[in-house]
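Visitor: Got a structure here, written out as structure tokens. Questions coming.
The values are calculated or read from the model by the stated rules, or taken from the named source; none is laboratory data. All figures in this text were calculated on a predicted structure; none of them were measured in a lab. As a convention, Cβ positions derive from the backbone with ideal geometry for all residues, glycine included, and neighbour counts pool all protein chains shown.
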Amino acid sequence: MRLIWILFVLAIAFTIPFIVWGGAFEETFTVEGGVTWLERWGPWAWLAGIILLLLDLVLPIPGTAVMSALGMVYGSMVGGLIGTVGSILSGLLAYALCRAFGLKIAERIAGAAALEKSRTIFATTGGWIVVLSRWLPIMPEVVSCMAGLSRMSLRIFLSALVVGCLPLAFTFSVIGDTGREHPKLTLALSVLAPALIWLAVRPVILRSSRET
């Protein structure tokens, strides 16, 4: 049960900015607003998009709107690639910061036994958790932090992160680029993609991890 306290504290920490500033950021970073903001950066709009996705860790920036805006500015392929890179870097940053600096705080909150249980969970099913969390609000940040606190294998974490971020970024990039009339259907189909991709690559990743 004490493990729940870590999840609760992380969820609250990432939710507070949405409560305080969420409305203002949502008004600014609609898809159209995001396009206007990115275009102000001229040839550096791609970098601005990546920075926005990194800032999504601490500010209530709607990452999916940024990905759609990138699709509008750069097209489906390039926008999807930029969105993927930004989303991956965001997850890696949360993982690295919590792994490097969060362990003592987590131990004070939940105790060493709870963290050991967390390590067991992320060692066995962490890949699935990381992949599927990318499609949920708040959870990408929480799960990336938990993976870092749990000392999840960087190789498996990064592989799962890529598997989760790719379809997410390209889905919203395509929606932004083409203005699909039925985006909900696109989202419903693509939500299945991370799980299917992870199912295919998981045995290879685990086998290579055991060999190293």
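Visitor: Report whether or not residue 22 is surrounded by fewer than 17 Cβ atoms within 10 Å (Cβ to Cβ), assigned to a helix (DSSP H, G or I) and modelled with pLDDT of 65 or more.
Guide: No.
Visitor: Also, quick follow-up: May I ask you to list the residues in region 136-171 that are among the hydrophobic types (A, V, I, L, M, F, W, C), part of a loop (DSSP other than H, G, I, E, B) and surrounded by fewer than 19 Cβ atoms within 10 Å (Cβ to Cβ)?
Guide: 136, 138
Visitor: Sticking with this structure for a sec: Can you find even one residue in region 36-47 that is farther than 13 Å from residue 150 by Cβ and buried (at least 22 other Cβ atoms within 10 Å of the Cβ)?
Guide: Scanning region 36-47, I find at least one residue that is farther than 13 Å from residue 150 by Cβ and buried (at least 22 other Cβ atoms within 10 Å of the Cβ), so the answer is yes.
Visitor: For region 163-179, enumerate the residues that are out of contact with any helix residue (DSSP H, G or I) (no Cβ under 6 Å at 6 or more places or on another chain) and modelled with pLDDT of 85 or more.
Guide: Listed by number, the list holds a single entry, 168.
Visitor: If you don't mind, another one. Would you check if residue 96 is part of a helix (DSSP H, G or I), hydrophobic (A, V, I, L, M, F, W, C) and more than 18 Å from residue 38 (Cα to Cα)?
Guide: Yes; evaluated as a whole, the condition is true for this residue.
Results for (1) within 30 Å of residue 43 (Cβ to Cβ); (2) among the charged types (D, E, K, R); (3) at pLDDT below 90; (4) surrounded by fewer than 22 Cβ atoms within 10 Å (Cβ to Cβ), shown as yes or no for each residue.
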{"position": "79", "(1), (2), (3), (4)": "yes, no, no, no"}
{"position": "85", "(1), (2), (3), (4)": "yes, no, no, yes"}
{"position": "93", "(1), (2), (3), (4)": "yes, no, no, yes"}
{"position": "120", "(1), (2), (3), (4)": "no, no, yes, yes"}
{"position": "129", "(1), (2), (3), (4)": "no, no, yes, yes"}
{"position": "134", "(1), (2), (3), (4)": "yes, yes, yes, no"}
